[in-house]
Amino acid sequence: MATSTPPRTSVAAAATTVDAPPPSGGDRGFFGHPRGLATLFATEMWERFSFYGLRPLLVLFMAAALSDGGFGFSRDQASAIVGLYGFSVYIASLPGGWVADRLLGLQRAILTGACLITAGHLSIGVSGFAGAAGGKLPFFLGLILIVLGTGLLKPNISAIVGDLYPEGGARRDAGFSIFYMGINVGAFAGQLITGILGEKVGWHWGFGAAGVGMLAGLIVFAVTAPKTLRGIGATPSRHPDPAVHARQTRHARLGLGVGLGLLALVVALAATGAITIDAQAIGQYTVQITLVMVVAFFAFVFLAGGISGEERKRVAVIFVLFLFAIVFWGAFEQAPTSLNLFARDFTDRTIGGWEVPATWFQSINSAFVILLAPVFAGIWTALGRRDRDLSSPAKFAAGLALAGVGFALMIVAANRVVASGGTLLVSAWWLTGSYFFQTVGELCLSPVGLSSMTKLSPRKYVGQMMGIWFTASALGNLIGGLVGGHVDPEKLELMPQLFTRTTISLVAAAAVLALLAIPIRRMMTDVREA
Ligand code: GLN
């Protein structure tokens with residue numbers, strides 16, 4: 001998931017001995033996999049524990065009244081800030097992968113990222129002692145540190161997973177499946193623990209628990225990585241020509257310095273009140289600007305990227321998959337915003353007289369992933385054995401349609417609430433059912449998308465295309481945030497409208513992609529399918 005050219009595993013990267021790990025076959029200390037996977041599994045588990053633990057609390061906390069210890073922001077603003085935060089976290093993997101390749105190496109990038117995320121949580125924790133007015137600066141500074149840290153950690157930890165299996169193949173896929181389980185075990189536990197602390201005890205207890213989780217991940221990585229990963233990803237990739245290498249390093253340092261300087265300037269201007277940040281307005285511009293930049297990137301690759309006619313066709317397929325992935329993530333990433341608010345305000349959450357925290361509903365998706373991922377691995381293998389593999393566009397279309405079913409359930413649930421004038425609390429099964437279909441959709445699209453990027457991309461663009469994949473998640477988070485505030489007891493009529501629009505987008509996208517699946521499959525003739 002590095003973002004530079006050439007990719008780390010290329011000849012240039014292999015010039016450093018440490019970046020050419022031995023085949024993984026010898027080390028089977030972790031469920032038959034290299035022991036390094038245990039380190040990466042635990043680190044990413046704790047990182048996701050903290051990420052998913054904090055995220056659903058954000059909108060509830062920022063929109064909570066001052067008297068309830070919150071910031072008293074409007075729901076629209078709070079939800080848009082969560083969207084911008086999610087966007088930034090995923091888009092930061094572009095510079096994060098690049099910094100790892102050019103300056104730090106994967107291992108130091110992950111360690112630095114873990115330190116920054118821990119510091120970010122600490123800053124958010126401290127904001128609790130400063131009161132609503134004084135707490136805003138350490139709170140937002142904390143979010144920025146988490147964005148920078150996750151940009152360094154998330155893409156590079158996934159890249160090291162790949163590097164554990166230089167021979168590729170089914171063992172690497174299995175390694176990624178185990179790693180994806182780690183992500184969801186962390187997400188599942190994080191949302192349960194921080195949710196109950198944040199909602200029932202106090203916001204800052206929830207934030208603090210997320211920070212303790214990341215600290216655990218940092219310690220696990222710092223203590224075990226030197227032994228289990230040994231030299232893998234220990235140094236940045238080197239250009240074989242020392243003069244070019246020195247120039248690239250200089251440029252990277254300069255770029256990093258300018259980027260961080262600009263960020264510090266914006267923070268200083270916002271903190272002193274010289275500029276006001278309207279998250280809704282910024283969010284809308286960001287969607288457009290990012291789309292224009294992605295289109296320009298693809299145009300460059302097509303026209304001046306030095307790729308063959310065959311490669312051009314596959315890049316076109318990546319572009320199509322990218323566009324449809326945005327629609328999927330734009331719906332799916334409403335979980336921490338609109339669906340989170342729906343759980344809080346319109347769902348009957350009492351079991352035996354006890355009120356389940358709203359954020360616990362966020363864990364349903366991770367629980368379903370943990371249960372269903374092995375089932376899906378079985379289905380794809382069985383189809384493959386019978387030579388009835390579905391193409392990646394067909395799986396994407398299925399994923400979109402299934403998520404559409406999930407949101408169709410929400411239309412019915414929302415209409416019930418509206419019919420009661422906002423007084424009815426609907427059964428928790430509506431959200432559970434919705435998350436079930438969304439998760440089945442996720443399993444058709446998310447892992448398939450990741451592997452398609454590596455399979456369809458021309459060799460020298462693998463890193464960037466992975467970045468493009470994360471850009472779809474980034475845009476999805478932003479869209480999910482921008483529309484998420486539409487779940488509001490004050491503006492009831494907006495709610496069924498939001499779920500109807502989301503369902504229509506998903507189903508229409510599924511239908512168009514299903515029609516395109518056959519011609520697309522022809523364009524990928526010589527690519528083995530995911
Ligand atoms: N749930 C997965 C993760 O956290 C994928 C999320 C996404 O790409 N939007 O890694």
Check: the stretch 289-352 dipole with +1 on Lys, Arg Cβ and -1 on Asp, Glu Cβ, in debye:
120 debye
Over the stretch 90-191, what is the mean sequence separation of C-alpha contacts under 8 Å (at least six apart), divided by residue count, expressed as relative contact order in percent?
32 percent
Here are some pairs, Lys395/Lys460; Lys313/Lys455; Lys313/Lys395; Lys227/Lys455; which of them have Cα atoms lying more than 21 Å apart in this structure?
Lys395/Lys460; Lys227/Lys455
For Lys136, give me every one of the lysines with a C-alpha distance below 17 angstrom, ignoring sequence neighbours fewer than eight places off in its own chain.
none
Give, rounded to the nearest 20 debye, the magnitude of the charge dipole that the chain has about its Cα centre when Lys and Arg contribute +1 at Cβ and Asp and Glu contribute -1 at Cβ.
1260 debye
The stretch 373-530: C-alpha gyration tensor shape, a/c 1.5 cut-off, then a/b vs b/c
prolate
Charge dipole of the chain about the Cα centre (unit charges at C-beta), most positive-ward option of Met523, Leu339, Gly128:
Met523
Label zone at Asp348 (point 7 Å along Cα-to-Cβ), backbone N below 14 Å, the stretch 428-460:
428-431
Charge dipole of the chain about the Cα centre (unit charges at C-beta), most positive-ward option of Phe302, Val147, Ile110:
Phe302
If you place +1 on the Cβ of every Lys and Arg and -1 on the Cβ of every Asp and Glu, how big does the dipole about the Cα centre of the stretch 357-513 come out, in debye to the nearest 20?
580 debye
I need the shape label for the stretch 273-386. Rule: rounded when a/c is under 1.5, else prolate if a/b > b/c, else oblate, with a, b, c from the alpha carbon gyration tensor.
oblate
Along the charge dipole of the chain, pointing to its positive end and built from +1/-1 on Cβ of Lys, Arg, Asp and Glu, which listed residue (Leu372, Ile178, Pro489) has its Cα farthest out?
Ile178
Average Cα contact separation per residue, the chain, under 8 Å, 6 or more apart, as relative contact order %:
24 percent
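No value in this document is a laboratory result; all are computed from the given coordinates. Computed from a predicted model, the values in this text were never measured in an experiment. Neighbour counts run over all protein chains shown; Cβ positions are idealised from the backbone, glycine included.
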